[in-house]
1. Tell me which residues come under 5 Å, amide H to amide H, from Arg259 once H is placed; ignore anything under 5 positions away on its chain.
2. Which whole-Hz couplings ³J(HN,Hα) result when phi for each residue of the stretch 9-26 is put into the Karplus expression 6.51 cos²θ - 1.76 cosθ + 1.60, θ = phi - 60°, listed in order with x for Gly and Pro?
3. Using a Gaussian network model on the chain with a 10 Å cutoff between Cα atoms, which of Ile241, Ile79, Ile89 fluctuates the most?
4. Which FRET efficiency value, to the nearest 0.05, is calculated for Glu39 and Ile155 with the Förster distance at 25 angstrom and r the Cβ-Cβ distance?
5. Which of Leu234, Leu184, Leu144 moves most in a GNM of the chain, Cα contacts under 10 Å?
6. Roughly how many Å² of Phe291 are accessible to a 1.4 Å probe, to the nearest 10?
7. Evaluate the distance, in nm, between pseudo-label points positioned 7 Å from the Cα of Ser321 and of Glu299 along their respective Cα→Cβ axes.
8. Given H placed on each backbone N at 1.01 Å, which residues far from Ile30 in sequence or on other chains put an amide H within less than 5 Å of it?
Amino acid sequence: MTDIRIGIVGAGGIAKKHLEALRTVGGARISAVVDRSAEHAAWLTDETGARYCAGVDDLIEHVDAVMVLTPPRARIDPISALIAAGVPIFCEKPLAATVDDAERIAEIVESGPRAPFMMGFMRRWHPPHAALREVLASGELGTLVQVVRQRIGRIDLPEGNWRRSPGQLCGVTMESASHDIDLLRWLHGDIVAASGEVVQSRPELPGFDETMAATVRFASGLTGSLQVSWQSRLARNAIGIIGTEGAAILEGPGLWSSRTLTVATAEGERSHEFRAHERDDDGYVGQARAFLELARGGEPEHPSIADGLATVRVSQAILDSSH
């Protein structure tokens, strides 16, 4: 089978994770790269032999599918050009940094040529999350009444990081919490209401939040709470679910690793400790495999443009409600 030619738009740090995942899966090669300068993209073009292109229009003839990895405020133009050309697209999360931009991108995708489009919510491919989803699907917890999600840790963003750049500003509620919002939607369905509080601790960066706490309500009537922080010197993550017939909690150390799934019902309590390769699997490989299948014309389950837009809307509702 001929390797799929993958284009990369945005040769920042996250491109390293995607390159590693694509190499693990196999069947693809990086053929062209677009970035703000050839110098900035040199690490990727040198490592892969890909050609450097000054713009997306120059890239299109050299690719079969494209991964858009730019900061979220710089996505409308590349996605518009790729959709017009009918190129399959993978888009890093969040879809955009504002609802207006997200709605514009969704309009472009939905009204253009029907090209595959996949959002980058790789936590759907984290094996412990899949195991938790199976518990929910079994019905053993009964009617779900509450879900609690916490993911806290310390991320010191260096000077020059795009997240704190005035032109690309994107705080934790819109950027990193998008993972958690999508996870909650994937497990429990549409979120119909959200509100919360955010903490902005950098006076020099107005509008940049690093800690948030929110409450959400799902279409099913389930309620939930969500806490995400880049400021905590203690790191942990957990998702707990309470139902009328049982409860479950998935938890682990750090921001990303899930070690133990515990389920309790009237019949008793059981725990499963995941093996290292499962608990530390961040989901990038499974995500890459799904995108390549999608680019080849398959129909794998994947987060869509609608999921990307819904997540931005929830994040914005939390930001708007904060005092």
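The values are calculated or read from the model by the stated rules, or taken from the named source; none is laboratory data. Just so it is clear, the structure is predicted and the values come from calculations on it, not from any experiment. Methodologically, a virtual Cβ is constructed for each residue, glycine included, from the backbone with ideal geometry; neighbour enumeration extends over all protein chains shown. To get the accessible areas, we keep the full protein, side chains included, count just its heavy atoms, and leave off ligands, DNA and RNA. Shrake-Rupley method; radii C 1.70, N 1.55, O 1.52, S 1.80 Å.
1. Glu251, Gly252
2. Computed from phi, the couplings for the stretch 9-26 are 10, x, 9, x, x, 5, 4, 5, 5, 5, 4, 4, 5, 4, 5, 5, 6, x Hz.
3. In the Gaussian network model the winner is Ile241.
4. Once the sixth-power term is evaluated, E becomes 0.40.
5. Of the options given, Leu234 has the highest mean-square fluctuation.
6. Counting only protein heavy atoms, Phe291 exposes about 0 Å² to solvent.
7. 3.6 nm
8. For Ile30, the qualifying residues are Ile6.
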